[in-house]
Amino acid sequence: MIPTAFDYSRPTGVDEAVHALTDGGEDAKVLAGGQSLIPMLRLRFAAPSMLVDLGSVDEMRGVRDDGDALVIGAMTTHAEVLDDPLIRAQAPLIAQATATVADRQVRHMGTFGGSLAHADPAGDMPSVATALDATFEIAGPSGRRSVPASEFFVDYLTSALEPDEILVSVRVPKLAGWGTHYEKFNRVAQAWALVGVAVAIRRSNGTIDEARVALTNMSSTPVRAHGVEEALVGAPATDESMAAAGQHAAEGTEPTSDVSASADYRTHLATVLTRRALGTAAGI
Amino acid sequence: MTHISMTVDGVRYDDDVEPRTLLVHHLRDKLGKIGTVVGCDTSNCGACTVLMGGNSVKSCTVLAVQASGMDITTVEGLAGRDGEMHPVQQAFHETHALQCGYCTPGMIMSAVDLLAENPDPTDAEIRDGLEGNLCRCTGYQNIVKAVREAGETMRTARHATPETASAHATRDEVTT
Ligand SMILES: Cc1cc2nc3c(=O)[nH]c(=O)nc-3n(C[C@H](O)[C@H](O)[C@H](O)COP(=O)(O)OP(=O)(O)OC[C@H]3O[C@@H](n4cnc5c(N)ncnc54)[C@H](O)[C@@H]3O)c2cc1C
Ligand code: FES
Ligand code: FES
């Protein structure tokens, strides 16, 4: 099918884009890489009156070093994220998870910010941003604001962004000295995660000082596995404590059953994948 | 209607399009580039793959307006001016890397994109690099073989005669 008709605007700056979005009214929508939106337009699941294409907003592209954090422009494509030396060095968890997103063609168009704004709980970036305690920099008609990852994901395909707001960039703290890992389970190439686990762990000698664990596709938003995190603080960095902590992975989650996996199977996967991710991140 | 201008297989086109026009429909229906095909309605199969600014994209999942100002290469733009096939096309032909041929234009464009980034991929890297392209006939074995052989040909050609090889060596050059 082809999309329903819409108006089109292609601003070159953030403020201009916010104006276009406000002028476009309630049914105006942002177009980033289009890799989630265009399939939805084609199936007519979405029928916006206007698309505001951010493709020419250069200030939203690229990765910048900002002291204790990296600032990633929302329009940086997955492929650019993968190629970026700062990301590889300072945020390897993002690089590792991005390499598992879709395929080469989709990664050439799809953007880091788009995959967060889309707020699909099966997406890989939302749980990664949640594990990294990222901050979302947002522009709207009344100015700029920042939202922590813990408040950005509201529900299935619903973020804290108002209809006339734009995600401009994402601030990711550098976790110097931490070990990180993304463990994703899917059935075939190019498929979305049945379950994914993003882990960051800080240890001194043989003991875990702090751990952050976030789950992909275990609820209507990405979720932090607090039970796992609490079980790990002060625990010895051994296989046994990873396995014991992993048992808490699915606590408080609400996984769905669909054609690919039952809720019970997802619960099982969360436990196993968390144990594996913790072990790899802790280097044991 | 929105005015767009793009270069396709070395020729510049200026057109007015509805913003909802998909790039693949613009290429096929307006510009007559029917070498690029549509195989699915879900952005999964990759049959519609073209190069945009040198990078592979699924042209069914790009709006024509997004491609304005860009350089597009379709499977029709790969052969040399004298009609000589691109090494990837030649390798698909020689290793029997197609049966019905429907996935082939997209497979070839993805292979060209992959080899430009990684001229000497392992079989595992070839399979991974082509994960966005589905083939329902071949079982992929001969496709992987074709990409491996095309890579070899392109590396040897580049090594032996840099001037002549350059006609085919990189995706940037085939678009000029
Ligand atoms: C075949 C296929 C397989 C895929 N597999 C995976 C996968 O395994 N894992 C995964 O994580 N993703 C996957 N994706 C999705 C991909 O990662 C997309 O890139 C991503 O979901 C959306 O990014 P985009 O830039 O294309 O956004 P778009 O499609 O342009 O936009 C998506 C939504 O977000 C809004 N939006 C986008 N950017 C902004 C912004 N800056 N400010 C405000 N709102 C904004 C849009 O209005 C729209 O509602 C897949 C996609 C396809 C087609
Ligand atoms: S037709 Fe474009 S991905 Fe199938
Ligand atoms: S040759 Fe028939 S789909 Fe690939």
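The values are calculated or read from the model by the stated rules, or taken from the named source; none is laboratory data. In this text, all values refer to a predicted model and were calculated from it rather than measured experimentally. A quick note on method: Cβ atoms are made from the backbone with ideal geometry, for glycine too, and the neighbour counts reach across all protein chains shown.
Go through (1) crowded, with 22+ Cβ neighbours inside 10 Å; (2) away from ligand 2 (no atom under 16 Å from the Cβ); (3) among the charged types (D, E, K, R); (4) closer than 27 Å to A:Gly13 by Cβ and name the single condition A:Asp124 misses.
(4)
Restricting attention to strands (runs of 3 or more DSSP E) lying wholly within segment B:1-75, give those where 2 or more residues are in contact (Cβ under 8 Å) with a residue 12 or more places away in the chain and more than 10 Å from every other protein chain (Cβ to nearest Cβ).
B:2-8, B:11-17, B:71-73
Restricting to segment A:82-134, give me the number of residues that are closer than 14 Å to A:Gly62 by Cβ and within 14 Å of chain B (Cβ to nearest Cβ).
Residues that pass the stated criteria total 3.
Return the pairs, sorted by first residue and then second, in which the second residue is away from ligand 3 (no atom under 15 Å from the Cβ), the first residue lies in segment B:126-139 and is more than 9 Å from chain A (Cβ to nearest Cβ), the beta carbons are less than 8 Å apart, and the residues are 6+ apart or on different chains.
The qualifying pairs are B:Ile126/B:Leu114; B:Ile126/B:Arg148.
Name the one entry in A:Gly143, A:Gly114 that is surrounded by 18 or more Cβ atoms within 10 Å (Cβ to Cβ) and under 30 Å from A:Ala28 (Cα atoms).
Unique residue meeting the criteria: A:Gly114.
If we keep just the residues of segment A:5-37 that are within 7 Å of another protein chain (Cβ to nearest Cβ) and not in a strand (DSSP E or B), which is nearest to A:Ala102 (Cα to Cα)?
Among them, the one singled out is A:Gln35.
Within segment A:20-40, count every residue that is touching a residue at least 12 places away in the same chain (Cβ under 8 Å) and either in the same structural domain as A:Ser142 (by TED's automatic domain parsing) or more than 9 Å from ligand 1 (Cβ to nearest atom) (or both).
Total meeting the criteria: 7.
Residues of segment A:38-49 being more than 9 Å from every other protein chain (Cβ to nearest Cβ) and either assigned to a loop (DSSP other than H, G, I, E, B) or buried (at least 19 other Cβ atoms within 10 Å of the Cβ) (or both), which ones?
Answer for segment A:38-49, where residues must be more than 9 Å from every other protein chain (Cβ to nearest Cβ) and either assigned to a loop (DSSP other than H, G, I, E, B) or buried (at least 19 other Cβ atoms within 10 Å of the Cβ) (or both): A:Arg44, A:Phe45, A:Ala46, A:Ala47, A:Pro48, A:Ser49.
Could you check segment A:244-269 and list, in sequence order, the residues that are more than 17 Å from A:Thr180 (Cα to Cα) and assigned to a helix (DSSP H, G or I)?
Hits for segment A:244-269 are A:Ala244, A:Ala263, A:Asp264, A:Tyr265, A:Arg266, A:Thr267, A:His268, A:Leu269.
Checking B:Asp9 against (1) under 30 Å from B:Ala91 (Cβ atoms); (2) more than 16 Å from ligand 2 (Cβ to nearest atom); (3) surrounded by fewer than 17 Cβ atoms within 10 Å (Cβ to Cβ), which single condition isn't satisfied?
(3)
Given the condition within 9 Å of ligand 1 (Cβ to nearest atom), in contact with a Phe, Trp or Tyr (Cβ under 7 Å, 6 or more places away or on another chain) and more than 9 Å from chain B (Cβ to nearest Cβ), answer yes or no: does some residue in segment A:50-70 qualify?
Scanning segment A:50-70 turns up no residue that is within 9 Å of ligand 1 (Cβ to nearest atom), in contact with a Phe, Trp or Tyr (Cβ under 7 Å, 6 or more places away or on another chain) and more than 9 Å from chain B (Cβ to nearest Cβ).
List pairs: first in segment A:244-268 and in the same structural domain as A:Val213 (by TED's automatic domain parsing), second of a type in the set (Lys, Arg) and in a loop (DSSP other than H, G, I, E, B), Cβ under 9 Å, 6+ apart or cross-chain?
From residues that are in the same structural domain as A:Val213 (by TED's automatic domain parsing), the pairs are A:Ser260/A:Arg187; A:Ala261/A:Arg187.
Any residue that is acidic (Asp, Glu) and away from ligand 1 (no atom under 16 Å from the Cβ) - is there at least one of those in segment B:62-79?
Within segment B:62-79, one or more residues are acidic (Asp, Glu) and away from ligand 1 (no atom under 16 Å from the Cβ).
Please work out which one of (1) away from chain B (no Cβ under 14 Å); (2) under 12 Å from the mean Cα position of the chain (by Cα); (3) β-branched (Val, Ile, Thr) is the condition A:Ile138 fails and give its number.
(2)
Is segment B:44-67 home to any residue that is within 16 Å of ligand 3 (Cβ to nearest atom), buried (at least 19 other Cβ atoms within 10 Å of the Cβ) and more than 15 Å from the chain's Cα centre (by Cα)?
Looking for residues that are within 16 Å of ligand 3 (Cβ to nearest atom), buried (at least 19 other Cβ atoms within 10 Å of the Cβ) and more than 15 Å from the chain's Cα centre (by Cα), one finds at least one in segment B:44-67, hence yes.
Within segment B:83-139, take every residue that is among the charged types (D, E, K, R) and in a helix (DSSP H, G or I) and give me the one that is nearest to the chain's Cα centre (by Cα).
So, considering only residues that are among the charged types (D, E, K, R) and in a helix (DSSP H, G or I), the one nearest to the chain's Cα centre (by Cα) is B:Asp113.
Over 16 Å from A:Leu37 (Cβ atoms) and either modelled with pLDDT of 95 or more or not assigned by TED's automatic domain parsing to the domain that holds A:Ala198 (or both), is that true of A:Leu70?
Considered against the rule, which asks whether it is over 16 Å from A:Leu37 (Cβ atoms) and either modelled with pLDDT of 95 or more or not assigned by TED's automatic domain parsing to the domain that holds A:Ala198 (or both), A:Leu70 comes out as yes.
Out of segment A:138-169, which residues are charged (D, E, K, R) and touching a residue at least 60 places away in the same chain (Cβ under 8 Å)?
A:Asp155, A:Asp164, A:Glu165
If you go through segment A:55-82, how many residues are on the phi < 0 side of the Ramachandran plot, without any contact (Cβ under 8 Å) to a residue 40 or more places away in the chain and over 18 Å from the mean Cα position of the chain (by Cα)?
2
Quick grid of which residues meet (1) outside the structural domain of B:Val144 (by TED's automatic domain parsing); (2) of a type in the set (Lys, Arg); (3) within 16 Å of ligand 2 (Cβ to nearest atom):
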site: B:Val17; (1), (2), (3): yes, no, no
site: B:Thr21; (1), (2), (3): yes, no, yes
site: B:Gln66; (1), (2), (3): yes, no, yes
site: B:His93; (1), (2), (3): no, no, no
site: B:Thr104; (1), (2), (3): no, no, yes
site: B:Ile108; (1), (2), (3): no, no, yes
site: B:Ala116; (1), (2), (3): no, no, no
